[in-house]
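Step one of this worksheet: look at the structure below.
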Amino acid sequence: MSEDLFLNIVWGWMILAFASFLLLQQVVAPFGRHTRSGFGPLINNIAAWSLMESVSLFTFSFFFLSGNAPKTYQTCFFFILWLLHYINRAFIYPYRQKNKRKKMPDLIFILAIGFNSMNGFVNGYYLGNYSDGYGWNWMVDPRFIGGLILFFAGMYINMKSDNMLLSLRKPGQSDYKIPNGFLFKYISCPNHFGEIIEWTGFALMTWNLAGLSFAIWTFANLAPRAVAHHQWYYQHFTQYPKDRKALIPFIL
Ligand SMILES: NC(=O)c1ccc[n+]([C@@H]2O[C@H](COP(=O)([O-])OP(=O)(O)OC[C@H]3O[C@@H](n4cnc5c(N)ncnc54)[C@H](OP(=O)(O)O)[C@@H]3O)[C@@H](O)[C@H]2O)c1
């Protein structure tokens, strides 16, 4: 595929992220606490998370490893970061959920497979085929250093917050509690905040359109979800802290 055609596909993919962001202002994605009827048959939540997220791992790996560009230490490092995130998201995170009987609509599962296939493809294909390998000078470039710091800070915030949420329940429980401590002091969804920072860091350190598209998609998916979670907390807990924001401390 020519690089021009590939970049046009990524532009189209980013426009779709914007359309999805607008749609998510109207319709709250029906999974997790927002699961409701009217979205077709249901699939086990844990199996769905594991399958749909592993797609991203496999598509990225396939297109990166089969691409013609030389595999340098730098591009292999980006590949390892991708693996780190998705091994947790596909094979560790889902099995730590306490409510083993929870379900997710097939529609969400299928849409997530589509999203993860495309996202793994554009990022793996770019690094596997068009990247110039980055070179050693890139490792002292402020974009690489800043991106790396953001990536690991975001990953830390995301994983710590997910861990805190997952430990709110005892095995078998399915009820919701008010999370406290760490960044929950300021926002309702630090796990979403961390994930957005993480992929913004990845976009900065890889400095290409495919990485940018993932950062934009992450914001498009998670900003409306954080706002919906935040409103849900106020509707369900009269004692929910009034000064807590949804996603960005002191701002949103
Ligand atoms: N990059 C992307 O585009 C993207 C898109 C979606 C998700 N993600 C990531 O995937 C992960 C999960 O996302 P999510 O939106 O499903 O997260 P979430 O709604 O915050 O839920 C995370 C887990 O914690 C449980 N939980 C949440 N709040 C709780 C509370 N107050 N009391 C007790 N248990 C609680 C949830 O149970 P229930 O399932 O029963 O609610 C679920 O098992 C996050 O790290 C997110 O950043 C990334």
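Counting residues in the stretch 42-56 that are at pLDDT 95 or above, touching a Gly at 6+ places or on another chain (Cβ under 6 Å) and assigned to a helix (DSSP H, G or I) gives one or more. Of the candidates Leu166, Leu127, Leu150, the single residue that is within 12 Å of the ligand (Cβ to nearest atom), more than 14 Å from the chain's Cα centre (by Cα) and in contact (Cβ under 8 Å) with a residue 24 or more places away in the chain is Leu166.
Among the residues of the stretch 50-59, those identified as of a type in the set (Gly, Ala, Ser) and either closer than 19 Å to Leu204 by Cβ or surrounded by fewer than 20 Cβ atoms within 10 Å (Cβ to Cβ) (or both) are Ser50, Ser54.
Being open to solvent by 10 Å² or more (accessible area, probe 1.4 Å), in contact (Cβ under 8 Å) with a residue 40 or more places away in the chain, of a type in the set (A, V, I, L, M) and within 11 Å of the ligand (Cβ to nearest atom): is that true of Ala220 here? So Ala220 does not fit the description; no.
For Ala210, the conditions (1) touching a residue at least 12 places away in the same chain (Cβ under 8 Å); (2) surrounded by fewer than 17 Cβ atoms within 10 Å (Cβ to Cβ); (3) assigned to a helix (DSSP H, G or I) are fulfilled apart from (2). When Phe21, Phe6, Phe62, Phe31 are checked against the criterion of being within 20 Å of Asn116 (Cβ to Cβ) and open to solvent by 60 Å² or more (accessible area, probe 1.4 Å), a single residue qualifies: Phe62. Checking Gly128 against (1) open to solvent by 30 Å² or more (accessible area, probe 1.4 Å); (2) at pLDDT 95 or above, which test does it fail? Going through (1) open to solvent by 30 Å² or more (accessible area, probe 1.4 Å); (2) at pLDDT 95 or above one by one, Gly128 breaks only (1). Residues in the stretch 65-110 that are under 24 Å from Thr200 (Cβ atoms), in a helix (DSSP H, G or I), open to solvent by less than 70 Å² (accessible area, probe 1.4 Å) and more than 16 Å from the ligand (Cβ to nearest atom): Gln74, Thr75, Cys76, Phe77, Phe78, Phe79.
Does any residue of the stretch 175-185 turn out to be under 17 Å from the mean Cα position of the chain (by Cα), in contact (Cβ under 8 Å) with a residue 60 or more places away in the chain and open to solvent by less than 50 Å² (accessible area, probe 1.4 Å)? No; the residues of the stretch 175-185 include none that is under 17 Å from the mean Cα position of the chain (by Cα), in contact (Cβ under 8 Å) with a residue 60 or more places away in the chain and open to solvent by less than 50 Å² (accessible area, probe 1.4 Å).
The values are calculated or read from the model by the stated rules, or taken from the named source; none is laboratory data. This one's a predicted model, so the numbers in the text were calculated from it and none came from an experiment. As a convention, Cβ positions derive from the backbone with ideal geometry for all residues, glycine included, and neighbour counts pool all protein chains shown. Remember, those area values only see protein heavy atoms, side chains included, never the ligands or the DNA or RNA. Shrake-Rupley method; radii C 1.70, N 1.55, O 1.52, S 1.80 Å.
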